[in-house]
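The numbers here are math on the coordinates, done by the rules we state, and not lab data. Predicted model, so just to flag it, every value in this text is computed and none were measured. Heads up, the Cβs are rebuilt from the backbone with ideal geometry, glycines too, and the neighbour counts pull from every protein chain shown.
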Amino acid sequence: MNRLLELYRRLKDERRRTRKRLPELAAADVVLVSHAKSGRTWLVALLSHLLHQTRGVPADELWEGDNFHRLDPSIPRIFLTHERNEPASVRRRLPELVRDKRLLLLVRDPRDVIVSWYHHHARRSTPRTRARIGLPIDMAAVDLASFVTAPGYGLPSVVDFLERWSRIARAHPHALVVRYEDLRADTAATLARIAAFLGLPAPAEAIAASVAFASLESLREKERTGFFRTDKLQARDPADPASFKVRKGKIGGYRDELPAEVAARLDRLVAERLDASLGYAAAPDASRTAASM
């Protein structure tokens with residue numbers, strides 16, 4: 001009986017979320033696609049503060065859906081998606097429904113993505129959320145090495161996601177692919193390029209102010225103090241840095257957390273299966289620091 005009840009709840013939740021998400025997607029002007037833990041929260045914080053400076057939207061809100069469009073109709077409606085957590089009907093139609101919209105694809109080294117994703121679900125998500133997206137319900141029973149190599153939700157699934165969406169972006173008439181690593185290396189120049197693509201050009205001083213506002217240290221402090229209205233940027237346990245949405249990490253940091261043989265296995269998979277044009281086939285420079293959000 002309990003299993004039937006849970007199945008009923010899942011189906012009801014799926015229908016409810018489909019009724020909400022499909023109209024939001026249809027109404028959007030811009031679709032931001034990324035795998036979870038690819039830096040989307042950081043990018044959205046950068047863009048939100050840029051809009052705060054240039055269009056006067058609240059500083060403590062993040063750009064999502066039509067919230068800023070309602071305040072200023074010249075600001076596009078944005079649809080944020082990781083794809084995997086969408087209802088099945090939305091996942092199926094997503095490539096079709098993005099064709100007449102600006103497509104912003106944010107990518108990140110899948111090896112760093114999968115390690116960060118493990119920590120997120122081990123410390124932040126709920127069993128119901130994990131069940132909905134096909135992850136182990138009891139994360140305490142899954143070690144990091146087993147998680148990152150699992151075919152259904154580990155690195156192979158992240159590589160598949162990047163391959164599929166890279167193909168979609170290449171065939172899309174209005175798409176921009178942004179690498180998280182490039183955003184870290186030159187945040188101001190990359191943010192200016194994204195803003196121009198979105199039809200939201202901004203002066204250099206506004207770009208610089210947004211970069212300072214959304215620095216790693218600044219966002220961690222804002223998360224700790226609950227600066228933003230959304231619970232998406234609130235620490236689950238202020239005493240546990242790994243429970244923060246904004247975690248401390250490194251580009252290539254997966255090598256510090258995995259046994260050498262497991263890291264080498266991930267390297268081989270990326271080199272063999274991922275489009276080399278994304279720039280992840282070579283070993284990353286682990287000396288460069290990065291935010292993991």
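For segment 38-184, the relative contact order works out to 25 percent when only alpha carbon pairs closer than 8 Å and six or more residues apart are counted.
Each stretch of four or more DSSP H residues adds -39500 (n - 2.57); spread over every residue of the chain, this sum gives -16000 deg cm²/dmol at 222 nm. Note on the chain: Lys pairs 8 or more places apart or on different chains, Cα atoms under 29 Å apart, count 23. About its Cα centre, segment 2-292 has a charge dipole of approximately 1100 debye under the convention of +1 per Lys or Arg Cβ and -1 per Asp or Glu Cβ, with nothing else charged. Other residues whose C-beta falls under 14 angstrom from the C-beta of Pro76 contribute a net charge of -1, scoring Lys and Arg +1 and Asp and Glu -1. Here the relative contact order of the chain, from alpha carbon pairs under 8 Å that lie six or more residues apart, stands at 22 percent.
Of all DSSP bridge pairs formed entirely within the chain, close to 25 percent run antiparallel. In plain terms, the C-alpha convex hull of segment 105-209 casts an average shadow of 8.4 nm² when viewed from every direction.
Simple spin-label estimate for Thr149 and Asp182 gives 3.3 nm between the two label positions (7 Å along the Cα-to-Cβ direction from each Cα). Seen through its C-alpha gyration tensor, with square-root eigenvalues sorted a ≥ b ≥ c, segment 2-292 comes out rounded because a/c lies under 1.5.
Annotation: extensible slack from Arg93 through Asp72 equals 4.7 nm (criterion: 0.36 nm per residue apart, minus Cα-Cα distance). A crude spin-label estimate for the pair Thr126 and Leu4, with each label 7 Å from Cα along the Cβ direction, gives 2.5 nm. Test of understanding: in a Gaussian network model of the chain with alpha carbons linked when under 10 Å, which of Ala175, Ala140, Ala214 would top the mean-square fluctuation ranking? Maximum among the listed residues: Ala140.
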